[in-house]
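Here, each number is a calculation from the coordinates, and none is a lab measurement. If you're wondering where the values come from, they're calculated on a predicted model, not measured in any experiment. Glycine also receives a Cβ, built like all others from the backbone with ideal geometry; neighbour counts cover every protein chain displayed.
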Amino acid sequence: MKDKSLSGDTITFLGTGGARVMIANQILASGGLWLSLGGTEILIDPGPGCIVQSTKRKLRADKLSAIILSHRHLDHSGDVNVMVEAMAQGGLKKPRGWFFAPADALETEPVIFSYLKDYLEGIEILKEGKSYSIGNVSFTTPIRHIHPVETYGMLFKTGEHTFSYIADTRYFDGLCYSYASELLIINVVFLEPKPPIDHLSVPDAKRIVTELKPKVAILTHFGMTMWRAKPWEIAQRLSQDTGIRVIAARDGMRFDLSQLNG
Ligand SMILES: [Zn+2]
C-alpha cells in the first residue's frame, strides 16, 4: 500500500516555537517545516530538536531531497548538521541531497560542518529574486528580509498549488508585493510590534493577510507573548477581522494542501 504521506501534498509543523526564551524552554518545539509534495520531501529550517520531532512522526530524513535554510539563527539552524547527515544516509553511500542557504550561513562561520559537504549532491546559495527547483517542486526567494542576518522567505509552486513561507523579518511593504499565493505561512513572534527587534507581530500579520488575500493563512514561530495570548484565539480574531481563514499552527499539525481546492 502506498504511504499516504507520499501521495498527497502536506506540510507538517515539526515545531511552532520561535525566539530565544521559547527555544531554551521548548514549551513549543522548534523543528521546522516538513514538506511532502507529490513524493518530493523537503525540510525547511531544522531548528533544535528537528531530528527528535521528525523521527517520532516517522518522517524519514533519508527520503529528503533537500534542506532549505531561511537564515542562520539557531532556532532555524540548530539541527542542520544532524539532518544533513541523515538525509545523506550517513555519507555511507553515494552523495545524496541538496542544501540551500544564504551566503552568510556558509561563509565565515558556516552552519554546516565541512566534512558533511562531501556527503551532499550539492549546496545552492539563496539570493534575492532567484528561482530553484527540487524534483517536481520549484521555489523562489523573491526578496531579502529585514533581519539581523541574511534572510529569505520562499514562494513554492507545485503542479497544483502555490504557498509562501514568510520567514523572520521586520515588516516592510515589499512582503506584500512578494508572496501572493494560495497559502501563507507567517512567522509571527510577537503579539505587539517591538521595535527595534526585526520580527513580525500580529498587526503586521493582519496587514499582510489583508493585502495578499490568500485562501488560508497559518501563523507559526511563536514567542512567549504570542503563546501567553493563545495563538488559536488570535487566529480566530484575525479570521473574523479579515474574512480569511487564519489558523494557528500546533506542534505536529499536518496541513493538507487539498484544503486549498475549490
Ligand atoms: Zn531569526
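Taking the Cα centre of the chain as origin, work out the dipole magnitude from +1 charges on Lys and Arg Cβ and -1 charges on Asp and Glu Cβ, in debye rounded to 20.
Magnitude of the dipole: close to 680 debye.
How about the stretch 62-163: which trypsin sites (Lys or Arg not before Pro) there lie in a loop by DSSP and see at most 14 other Cβ atoms within 10 Å?
Answer in residue order: LYS93, LYS127.
Sorting ILE166, ILE51 on the 10 Å Cβ count, fewest up front, what's the list?
ILE51, ILE166
Below 8 Å between Cα atoms, with a sequence gap of 6+, how large is the relative contact order for the chain in percent?
Here the relative contact order equals 17 percent.
Among GLN53, SER77, SER131, whose Cα lies farthest out toward the positive end of the dipole of the chain, if unit charges sit on the beta carbon of Lys, Arg (+1) and Asp, Glu (-1)?
Checking the options against the dipole of the chain, the answer is GLN53.
What are the chymotrypsin sites (Phe, Trp or Tyr not before Pro) within the stretch 48-142 that DSSP puts in a loop, where the Cβ has at most 13 other Cβ atoms within 10 Å?
When the chymotrypsin sites (Phe, Trp or Tyr not before Pro) of the stretch 48-142 are filtered for loop state and at most 13 Cβ neighbours within 10 Å, PHE113 remain.
Any idea what diffusion coefficient the stretch 60-192 gets from Stokes-Einstein, in µm²/s, Kirkwood Rh on alpha carbon pairs, 20 °C, 1.002 mPa s? Before the final figure, lay out the partial values.
Details: Rh = 15.5 Å.
In µm²/s, the coefficient is 138.
With just the Cα atoms defining each centre, how far is the stretch 9-86 from the stretch 107-143? Give it in Å.
Taking the Cα centre of the stretch 107-143 as reference, the centre of the stretch 9-86 is 16 Å away.
Of ALA24, ALA217, ALA167, which is the most mobile in a GNM of the chain whose springs link Cα atoms less than 10 angstrom apart?
ALA24
If you take the square roots of the eigenvalues of the alpha-carbon gyration tensor of the stretch 1-147 and sort them as a ≥ b ≥ c, do you get rounded (a/c under 1.5), prolate (a/b over b/c) or oblate?
rounded
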